[in-house]
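S.K.: Let me give you the structure first, and then I'll get to my questions.
The values are calculated or read from the model by the stated rules, or taken from the named source; none is laboratory data. Note that this is a predicted model, so its numbers are computed, not measured. Here the Cβ is made from the backbone with ideal geometry for all residues, glycine too, and neighbour counts use every protein chain on show. Each accessible area value is taken on the protein alone, full model and side chains, heavy atoms only, with ligands, DNA and RNA left out. Shrake-Rupley method; radii C 1.70, N 1.55, O 1.52, S 1.80 Å.
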Amino acid sequence: MRQLLIQVPHGYGKEVLAIAQAYDATNTARVEATGNNEPIDLVIVHISNQKVEEFLGDLESLPNLQVTLIPRGVIAMHPPADQAPQQVTDVKARSPIEIFLAGLQSVGSWKAFLGYAAAAGVVVWIGLYTNTSYLLVAAMLIAPFAGPAMNVAIATARGDVNLLKRTLLRYFAALAVTIVVAGVLSFLLQQEVVTSTMSDTSKISTVAVLLPLVAGAAGAINLVQSERSSLVSGAAVGMLVAASLAPPAGLIGMAGVMGRWDLAINGVFLLLLQLVGINLSASLVFRSYGLTARGARYQRGKKALFPAILAVTFVALLALLIWQFSASPNLQRSSREQSANQTIQQAVEDSDLVELVEANVRFPTPNISGQNTLLVVMYVQRRAGVTASAEVISDRLTQAVQTALHNQDFNVTPLVSVNVLSAPNTQN
């Protein structure tokens, strides 16, 4: 429930109360006051979140209307007293006008905004450079990407060209600052070696599209829900959005300076995938909660813009997915590692020579030019009764694994190392 302070010329307060009564307002009051040396009526109204925009629309006909919307939930209790539990548990989502105005307020100071982006670039660089995972989490908390991401979705749902242009500018400016800062730090330290965290960040799974879709939906739901209707904090949701943007941005800057364009391209793909995925799901959520092209105190939206931007976003997402699945295994390495591991386990099970102890499958970072190297390190143990030498077992198993991977059309060059282990001899 929201509290509104409404100022109207003296004598119009009764009309405000009558309109408020039609919207089931509670704990209303009218006070005669003075504003700008003129007599006014100050009306205090408590109204359900979802009814705020329609209520403001009906007030627009009143002269010299001034409204103060308190953007905090209030608990308005009224008779009968024994109905208080039911009254306070009736929690509604925020009104579209409040969501929209809050988004506009966040398009503010450039200095602080770019400062956070630069700080995120420093922290994400340290995390990637030193293989420190908790610093990547810290960078996600600092990175100011969640605000612009949600504002782009709000602008899409509202069909607001002005807000869309301003927000996209902030969006790409923040990403550029983070990328440049990470690149400059790698240049100053003359980084030449790709760290394991950089390699892991560049690996993409076939289900990578789910993260931005979930992040966008979660971010939008967090903005539309009343602050008392969820135990999930805005910081946690903002971190979820930044989790899909901060590490790839740092990776692009570092890989670009090092001349590792294969890693940089993967980072660019991840950034584009996150941008369009977040916008697609978040704008649909905002639209479902009532953000439309026109509303109370908002008339600049264009109805045709929402379906147009949504169509462009969907086509861009589809193009990225086509790119991902046509560039195997470069943009599917994380999933390919898992699939290859399963294929290898099956190949060992089909063998009558050994039992699999462990198999490590990964795409190494320093790729040999012209081939997709898949490094396979296997630890196996002879089956009972097998007397073949380790060399024979290694040769046969290597051939079996390479054949199995080739038959599955993995499009890789498997380099296989087989380590034949022996159980301790317990006989005296």
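S.K.: Between beta-carbons, use under 15 Å as the cut-off and find the net charge around VAL285, counting Lys and Arg +1, Asp and Glu -1.
M.R.: +3
S.K.: As a test of the formula, what do you get for the chain when each DSSP H run with n ≥ 4 contributes -39,500 (n - 2.57) and the sum is divided by the residue count, at 222 nm and rounded to the nearest 500 deg cm²/dmol?
M.R.: -18000 deg cm²/dmol
S.K.: Still on this structure: Give me the extension gain from LEU62 to ARG396: residue separation times 0.36 nm, minus the current Cα-Cα distance, reported in nm with one decimal.
M.R.: 111.4 nm
S.K.: On to the next question. Can you give the FRET efficiency for ALA33 and VAL214, using 1/(1 + (r/R0)^6), R0 = 35 Å, r = Cβ-Cβ distance, to the nearest 0.05?
M.R.: 0.10
S.K.: GLY35's amide H: which non-local residues (gap 5+, or another chain) put their own amide H closer than 5 Å, with H modeled 1.01 Å from N in plane and none for Pro or chain starts?
M.R.: Under 5 Å from the amide H of GLY35 lie the amide H atoms of ILE40, each far enough along the sequence or on another chain.
S.K.: Continuing with this model, one more query. Report, for the chain, the % of DSSP beta bridges that are antiparallel, rounded to 5.
M.R.: 75 percent
S.K.: How much length would be gained if the chain were fully extended between PHE314 and TRP110, taking 0.36 nm per residue of separation minus their Cα-Cα distance, in nm to one decimal?
M.R.: Full-extension gain reported as 70.4 nm.
S.K.: Comparing ALA102, ALA176, ALA388, which has the greatest mean-square fluctuation in the GNM of the chain with Cα pairs linked when under 10 Å apart?
M.R.: Answer for the Gaussian network model of the chain: ALA388.
S.K.: Of the labelled options (i) -0.37, -0.48, -0.59; (ii) -0.62, -0.72, -0.82; (iii) -0.57, -0.72, -0.88, which one gives log10 I(q)/I(0) by the Debye sum over Cα atoms at q = 0.08, 0.09, 0.10 Å⁻¹ as computed for this structure?
M.R.: (ii)
S.K.: Show which aspartates and glutamates lie in cross-link reach of LYS51 when reach means a straight Cα distance below 18 angstrom and same-chain residues fewer than eight apart are skipped.
M.R.: Within reach: GLU15, ASP24, GLU60, ASP90, GLU98, GLU227.
S.K.: Follow-up question, since we're still on this one. So for region 281-358, what are the equivalent ellipsoid semi-axes in whole Å, largest first, each being the square root of 5 times an eigenvalue of the Cα gyration tensor?
M.R.: Each semi-axis is √(5λ); the values are 51, 14, 7 Å.
S.K.: Sticking with this structure for a sec: Just going by the charge dipole of the chain, with Lys and Arg at +1 and Asp and Glu at -1 on Cβ, which of ASN37, ALA215, VAL193 is farthest out on the positive end?
M.R.: Value computed over the given set: ASN37.
S.K.: Just from the alpha-carbon atoms, what are the Rg and Dmax of region 110-192 in angstroms?
M.R.: 14.6, 47
S.K.: Under a point spin-label approximation (7 Å from Cα along Cα-to-Cβ), what is the ALA102-ASN360 distance to one decimal in nm?
M.R.: Between ALA102 and ASN360, the simple spin-label model gives 4.7 nm.
S.K.: Can you tell me the orientation of helix 146-158 relative to the chain, as the angle in degrees between its alpha-carbon axis and the longest Cα principal axis, to the nearest 10?
M.R.: That works out to roughly 60 degrees.
S.K.: Using +1 on the beta carbon of Lys and Arg, -1 on that of Asp and Glu, and nothing else charged, what's the dipole of the chain about the Cα centre, debye to 20?
M.R.: Value, rounded to 20: 920 debye.
S.K.: Okay, next question. I want the antiparallel fraction of DSSP beta bridges within region 303-428, as a percent rounded to 5.
M.R.: Approximately 45 percent, going by the DSSP bridge assignments.
S.K.: In nm, give the distance between the simple-model label positions of VAL137 and GLU15, each being 7 Å from the Cα along the Cα-to-Cβ direction.
M.R.: Placing both labels 7 Å along Cα→Cβ, they lie 5.7 nm apart.
S.K.: Taking only C-alpha pairs under 8 Å that are 6+ residues apart, what is the relative contact order of the chain in percent?
M.R.: 14 percent
S.K.: Per residue, how much accessible area does the chain show when a 1.4 Å probe rolls over the protein heavy atoms, in square angstrom?
M.R.: I get 49 Å² per residue for the chain.
S.K.: How long are the three semi-axes of the equivalent ellipsoid of region 289-419, in whole Å, if each is the root of 5 times an eigenvalue of the C-alpha gyration tensor, listed from largest down?
M.R.: In descending order the semi-axes read 52, 15, 11 Å.
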